[in-house]
Amino acid sequence: MCKGLAALPATCLKSAKDMKHRLGFLLQKSDSCDYSSSQGKKEKISPTQRVSQEEVKKWADSLENLIHHDRGLAAFRAFLKSEYSEENIEFWVSCEDYKKTKSPAKLSPKARKIYDEFISVQATKEVNLDSCTRDKTSRNMLEPTLSCFDEAQRKIFTLMEKDSYRRFLKSHFYLDFVSPPAAGCGPENCKRTHAHTLDCNSNVVSQCA
């Protein structure tokens, strides 16, 4: 047995110092993991985790399922923004909001705002409509009703469905919701790592004996 530091071989002393350093580091890491775990329980669940995989799969079934879900709509909007074509979804959302207007007095100003922003030839966010649909929507502005944008909205929906929606399903904006979360340093992982390191260090001690 090693009875004193002076009697220990140099290799044994070095192994003992390495073991001490590793044990100290491991204890700090274990405390850090426990703290992170307790903090994670207090924090809100990330947006990705709040959406069930069943719901995410429905997004791939139809564009309607996607944009009628808050998180799905936000993800699709972010994707369109990355392609510089967010005006399509913004127009669709504006039309949905317009159709919920209850006061007849508000129809005309709200309709004019949508028309000037998305349909007029001088619109700041002009959407891609054929001349026939554009002309019909322009005539609807004379006497706006809750359905005056219906045809234009359908055309833009179809455009997104056949084009950008398909690309969205192949992009990371959607796939990030489908991919399982990466394994973190949970309590069980920390315990296994701790035990494994202690076993390794025990072998070092036995070699010094």
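Residue count for region 162-179, restricted to those that are surrounded by 15 or more Cβ atoms within 10 Å (Cβ to Cβ) and either among the charged types (D, E, K, R) or not in a helix (DSSP H, G or I) (or both): 2.
Restricting region 47-63 to residues that are surrounded by 14 or more Cβ atoms within 10 Å (Cβ to Cβ) and not aliphatic (A, V, I, L, M), the residue that is farthest from PHE177 (Cα to Cα) is LYS58.
Inside region 127-161, residues that are buried (at least 17 other Cβ atoms within 10 Å of the Cβ), of a type in the set (Val, Ile, Thr) and under 18 Å from ARG77 (Cα atoms) make up a count of 2.
Criterion first (within 19 Å of LEU129 (Cα to Cα) and open to solvent by less than 80 Å² (accessible area, probe 1.4 Å)) does GLU86 satisfy it?
yes
Listed by first and then second residue, the pairs with beta-carbon distance under 8 Å, at least 6 apart or on different chains, first residue in region 114-137 and at positive phi, second open to solvent by 80 Å² or more (accessible area, probe 1.4 Å) and part of a loop (DSSP other than H, G, I, E, B), form an empty list.
Per-residue answers, yes or no, for (1) farther than 18 Å from PHE173 by Cβ; (2) touching a Ser or Thr at 6+ places or on another chain (Cβ under 9 Å); (3) open to solvent by less than 40 Å² (accessible area, probe 1.4 Å):
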residue: LEU66; (1), (2), (3): no, no, yes
residue: ARG77; (1), (2), (3): no, no, no
residue: GLU96; (1), (2), (3): yes, no, no
residue: ALA105; (1), (2), (3): yes, no, no
residue: LYS110; (1), (2), (3): yes, yes, no
residue: ILE114; (1), (2), (3): yes, yes, yes
residue: SER120; (1), (2), (3): yes, yes, yes
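The values are calculated or read from the model by the stated rules, or taken from the named source; none is laboratory data. Note that the coordinates shown come from a computational prediction; the quantities given were computed from them, not determined experimentally. Please note: Cβ atoms are built from the backbone with ideal geometry, for glycine as well, and neighbour counts cover all protein chains shown. Accessible surface areas use protein heavy atoms only, side chains included; no ligands, DNA or RNA. Shrake-Rupley method; radii C 1.70, N 1.55, O 1.52, S 1.80 Å.
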